[in-house]
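First up is the structure itself, then whatever we jot down about it.
The values are calculated or read from the model by the stated rules, or taken from the named source; none is laboratory data. What you see is a predicted model, and the numbers here were worked out from it, not measured in a lab. Please note: Cβ atoms are built from the backbone with ideal geometry, for glycine as well, and neighbour counts cover all protein chains shown. Note: areas computed on protein heavy atoms with side chains; ligands, DNA, RNA excluded. Shrake-Rupley method; radii C 1.70, N 1.55, O 1.52, S 1.80 Å.
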Number of protein chains: 2
Amino acid sequence: MQQSYKIAIVDDHTLLASSLEQLIVSFGNCRVLHISKNGKDFQQNLVNHVEKPDIVLLDINMPVMDGFETALWIKENHPYIKVLTLSMEDDESSIIKMIHKGAKGYLLKDSPPDTLKLAIEEIMSNGFYHSDLVANTLVQAFQKGPVASELGLKDTELQFVKLAATERTYKEIAAEMNLSPKTIDGYRQDVFKRYNLKNRVGLVLFAIKNDLVEV
Amino acid sequence: MQQSYKIAIVDDHTLLASSLEQLIVSFGNCRVLHISKNGKDFQQNLVNHVEKPDIVLLDINMPVMDGFETALWIKENHPYIKVLTLSMEDDESSIIKMIHKGAKGYLLKDSPPDTLKLAIEEIMSNGFYHSDLVANTLVQAFQKGPVASELGLKDTELQFVKLAATERTYKEIAAEMNLSPKTIDGYRQDVFKRYNLKNRVGLVLFAIKNDLVEV
DNA sequence: TACCCATACAGGTAAAACCCTATTATTAAA
DNA sequence: TTTAATAATAGGGTTTTACCTGTATGGGTA
């Protein structure tokens with residue numbers, strides 16, 4: 001028998017978890033060390049068992065300690081354990097959050113069975129499973145363009161916001177825009193009110209969140 | 001003959017550009033509309049020719065108007081034209097910048113010839129060519145962890161910086177950290193001087209650039 | 001013990017940021 | 001032509017930031 005990969009499963013759907021176990025064992029090159037119902041349960045299982053998993057199949061939606069928390073905990077406490085997310089959610093924010101928290105791959109629960117086998121092997125050999133799902137999502141997230149006008153910012157206000165997200169003083173901004181400092185102050189007040197900003201820090205964060213400026 | 005893809009080439013290395021043309025024509029399913037030496041030249045070629053390209057093979061390092069500018073211009077003015085970056089640079093920032101500016105793929109100039117064919121076909125059918133190079137780079141960029149300590153920030157200063165990147169006033173920060181506002185002011189001065197920051201906006205940008213806070 | 005050094009904190013001040021309430025100029029609409 | 005709306009500006013006041021210099025305390029350590 002070739003090298004055997006040690007797998008752990010973390011999913012609160014017991015039925016799904018155990019059928020997953022069957023599937024994984026059927027691959028021939030994998031063993032399932034333990035199954036946990038949530039992150040806390042998994043932490044317990046880690047101490048109870050001497051053998052540590054190579055890969056954790058991790059669900060997102062779970063009670064007590066969800067997949068995000070668990071992934072982060074694993075990344076920080078057992079960085080050598082690889083997380084393969086197995087979720088029903090295919091929304092951008094879930095995917096990005098899991099990748100951000102260190103997941104080495106992201107599979108949808110309705111993927112074909114051999115995809116799981118492929119993903120496990122890819123992760124073990126290359127360190128990451130590059131599914132189109134993840135790749136597309138990341139690319140889209142990166143390419144999301146400025147949404148200035150959709151925010152209701154006029155040209156001149158947009159320019160103001162961009163400059164305000166630099167170390168310039170308002171006086172300098174006024175000079176740069178050829179406007180009176182008082183006008184700039186007017187922009188400031190309008191924008192603060194419109195977007196519920198408390199101070200210039202809020203404005204900077206707003207500009208960055210909405211891709212109005214590069215960081 | 002199957003459907004024919006219309007290609008344009010933008011590269012200041014004339015020799016490489018024309019050999020690229022030969023290669024592309026040899027694929028059988030592609031035509032080369034025109035070759036440009038830089039972005040400006042390409043803009044001119046676009047108006048001179050009635051037929052518009054499906055894909056532009058775009059180099060990055062060019063005189064007059066480089067690949068970044070050109071990609072951005074294409075994205076904003078001809079969003080239906082797909083950019084396939086063809087560069088010698090494999091550094092993270094170049095890749096990310098091009099993807100950010102809308103490139104549909106990123107190929108290194110020393111890729112095997114059939115990779116180019118594959119990339120063109122992938123882009124035409126799926127809208128994006130998911131090379132491992134790009135996927136890995138994006139994943140890494142997303143997973144880059146905090147580098148706080150490497151910056152030389154002490155625990156308490158780090159906490160201060162994180163709080164300063166919110167809408168809190170320094171007084172509020174002091175209360176939250178159970179320190180005198182004067183102490184906080186001391187931190188501020190130290191950090192400003194150490195990292196050459198002019199004001200709080202600079203501090204916020206610094207925190208974000210160094211992944212000290214999430215945006 | 002005396003000295004060095006880092007941390008927490010004070011006083012004082014000028015500049016910038018923040019906020020409210022007007023007043024003009026221009027322009028579009030009635 | 002009056003009316004309404006919008007952009008640019010002012011006046012004037014409070015709060016926060018930003019900067020400088022200086023002191024008290026508590027370790028280390030020669």
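The table that follows gives values for the structure above.
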| quantity | calculated |
| --- | --- |
| Residue in the range A:133-151 that is open to solvent by 20 Å² or more (accessible area, probe 1.4 Å), out of contact with any Ser or Thr (no Cβ under 7 Å at 6 or more places or on another chain), at negative phi and at pLDDT 85 or above present | yes |
| Residue selected from the range B:186-214 under the condition over 18 Å from A:Glu167 (Cβ atoms) and more than 13 Å from DNA strand C (Cβ to nearest atom), by the criterion surrounded by the most Cβ atoms within 10 Å (Cβ to Cβ) | B:Asp211 |
| Pairs where the first residue, in the range A:167-185, is within 8 Å of DNA strand C (Cβ to nearest atom) and the second is among the basic types (Lys, Arg), C-beta under 9 Å, 6+ apart | A:Arg168/B:Lys198; A:Thr169/B:Lys198; A:Tyr170/A:Arg188; A:Tyr170/A:Arg200 |
| Checking A:Lys171 against (1) open to solvent by less than 70 Å² (accessible area, probe 1.4 Å); (2) over 24 Å from B:Thr166 (Cβ atoms); (3) within 14 Å of chain B (Cβ to nearest Cβ), the condition it does not meet | (1) |
| Residues that are at negative phi and either in contact with a strand residue (DSSP E or B) (Cβ under 8 Å, 6 or more places away or on another chain) or of a type outside the set (Ser, Thr, Tyr) (or both), drawn from the range B:15-29 | B:Leu15, B:Leu16, B:Ala17, B:Ser18, B:Leu20, B:Glu21, B:Gln22, B:Leu23, B:Ile24, B:Val25, B:Phe27, B:Asn29 |
| Residue in the range A:152-165 that is among the charged types (D, E, K, R), in contact (Cβ under 8 Å) with a residue 24 or more places away in the chain, more than 10 Å from every other protein chain (Cβ to nearest Cβ) and more than 12 Å from DNA strand D (Cβ to nearest atom) present | yes |
